[in-house]
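Here the structure comes first, spelled out in structure tokens, and everything after it is commentary.
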Amino acid sequence: MSAVELRPVTEGELPLLAAMLAELDGDPELPLERVRATWEAIRRYPDYACYLALARGEVVGTLSMIVFPVFSRGLASEAILEAVVIRPAHRGKGLGRAAIRAAMALAAAKGAYKLALSSNLRRLDAHRFYDGMGFARHGFSFSIDTPRP
């Protein structure tokens, strides 16, 4: 089993982050200034960060996680993962599982009673991966685009 360490992304690593985010769906890389602005906004939230996943000191992926209090579950906190990416060259080696386990441990250390995530309906491989990790399919996720001003 491979160990993965999570550490917050630094400003100098934003070009690498932009490249990894493009690997999620094979989309074009986002403009670096937009990535920087989003990273800066995320940093202003309490307990919200974008992390690099490192194995033996090498960057193998990224994920973002927010931990926030809720009014249910006895006023506990929960955590949500977003933009989970393992670089293509590192897939299939157990590093994704190790990164999720590291996120679970970090969420627990921050007092979260659960870790949740959403996955696009078309990402069938990701669904099998999360099922295999023991994530439960829980309810339905609903979304709606907000009107543009």
- [ ] Give 78, 40, 33 a once-over and let me know the one that is surrounded by 11 or more Cβ atoms within 10 Å (Cβ to Cβ), out of contact with any Gly (no Cβ under 6 Å at 6 or more places or on another chain), of a type in the set (Asp, Glu) and closer than 18 Å to residue 14 by Cα.
- [x] 40
Open item on the list: Out of 132, 92, 96, I need the residue that is under 23 Å from residue 60 (Cα atoms) and surrounded by 15 or more Cβ atoms within 10 Å (Cβ to Cβ). Which one?
Closed with: 96
Task: One residue from 107, 116, 102 being touching a residue at least 60 places away in the same chain (Cβ under 8 Å), in contact with a strand residue (DSSP E or B) (Cβ under 7 Å, 6 or more places away or on another chain) and of a type in the set (A, V, I, L, M) - done: 102
Task: Members of segment 13-28 that are in a helix (DSSP H, G or I), small (Gly, Ala, Ser) and out of contact with any helix residue (DSSP H, G or I) (no Cβ under 8 Å at 6 or more places or on another chain) - done: 19, 22
TODO: Report, by residue number, each residue of segment 6-30 that is closer than 18 Å to residue 100 by Cβ and surrounded by 15 or more Cβ atoms within 10 Å (Cβ to Cβ).
DONE: 6, 9, 20, 21, 23, 24
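Since every read-out is calculated from the coordinates, none of them should be taken as a lab result. A quick note: this is a predicted structure, and the numbers were derived from the prediction, not measured. Every residue, glycine among them, receives a Cβ derived from its backbone with ideal geometry; neighbour counts consider all protein chains shown.
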